[in-house]
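Single-structure report; data block below.
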Amino acid sequence: MQTPQIELVRLGQVAPEDIVALHNDPRVLKHMPLAIGHFGLAECAQWVEDKERQWRENGFGPWAILVDGAFAGWGGFQREAGDADLALVLFPAHWGAGRMICRHMLQLGFGQLGLTEVTALLPPSRTRLGALARFGFQPAGERIIDGQSFMRFTLARP
């Protein structure tokens, strides 16, 4: 079996329709409690601009993730309450590549981007936490965002 080719590009380099499809997939939305309301092309344009602003203001942000050249989702680091928070949102067909994608993003974060610690915030709907433990993430309490509870995990640069 061939290892999938992972490529990280800026969100503006992928078709907005692909991002809209991801953000409207009910299997994805199950784990995105902050994603409420209509998400169409206009909302997508604003969302992409907000994510690009993260790069300008923080020197890091989320990427579009391509697996074997196809848009698989988005992920990267976002500023959240002073933390560099690792996000990963994939189409269900690509959930099996999550570990490889996460490893790649963490290498870039701790290497090229110079991060010293990252967090991961997961909603309570995420009950399978073994992958976080394998990466070395440690439980670090809870964070409330817009009235929603998230489990917080931290990982220091190796």
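Hey, could you check the range 29-53 for residues that are in contact with a helix residue (DSSP H, G or I) (Cβ under 6 Å, 6 or more places away or on another chain) and in a helix (DSSP H, G or I) and say which is surrounded by the fewest Cβ atoms within 10 Å (Cβ to Cβ)?
Per the stated criteria, the residue is Leu41.
With the checklist (1) open to solvent by 10 Å² or more (accessible area, probe 1.4 Å); (2) touching a residue at least 12 places away in the same chain (Cβ under 8 Å); (3) closer than 13 Å to Arg152 by Cα in hand, flag the one item Leu108 doesn't pass.
Status for Leu108: all satisfied but (3).
Is there a residue being closer than 19 Å to Arg10 by Cβ, of a type outside the set (Ser, Thr, Tyr), touching a strand residue (DSSP E or B) at 6+ places or on another chain (Cβ under 6 Å) and modelled with pLDDT of 95 or more anywhere in the range 117-134? Give the derivation first.
Just the residues of the range 117-134 that are closer than 19 Å to Arg10 by Cβ, to begin with: none.
Taking every residue of the range 117-134 in turn, none turns out to be closer than 19 Å to Arg10 by Cβ, of a type outside the set (Ser, Thr, Tyr), touching a strand residue (DSSP E or B) at 6+ places or on another chain (Cβ under 6 Å) and modelled with pLDDT of 95 or more.
Considering only residues of the range 135-152 that are in contact with a strand residue (DSSP E or B) (Cβ under 7 Å, 6 or more places away or on another chain) and of a type outside the set (A, V, I, L, M, F, W, C), which is most open to solvent (accessible area, probe 1.4 Å)? Spell out how you get there, then give the answer.
Restricting attention to the range 135-152, the residues satisfying the condition of being in contact with a strand residue (DSSP E or B) (Cβ under 7 Å, 6 or more places away or on another chain) are 135-143, 149-152.
Among the residues that remain, those that are also of a type outside the set (A, V, I, L, M, F, W, C) are: 136, 138-139, 141-143, 149, 152.
Values: Gly136: 29, Gln138: 106, Pro139: 102, Gly141: 54, Glu142: 121, Arg143: 50, Ser149: 38, Arg152: 38 Å².
Within the range 135-152, the match that is most open to solvent (accessible area, probe 1.4 Å) is Glu142.
The values are calculated or read from the model by the stated rules, or taken from the named source; none is laboratory data. No experiment lies behind these values; they were computed from the predicted model shown. Cβ sites come from the backbone with ideal geometry, for glycine too, and all protein chains shown count toward neighbours. Surface accessibility is based on the protein's heavy atoms, side chains included, excluding ligands, DNA and RNA. Shrake-Rupley method; radii C 1.70, N 1.55, O 1.52, S 1.80 Å.
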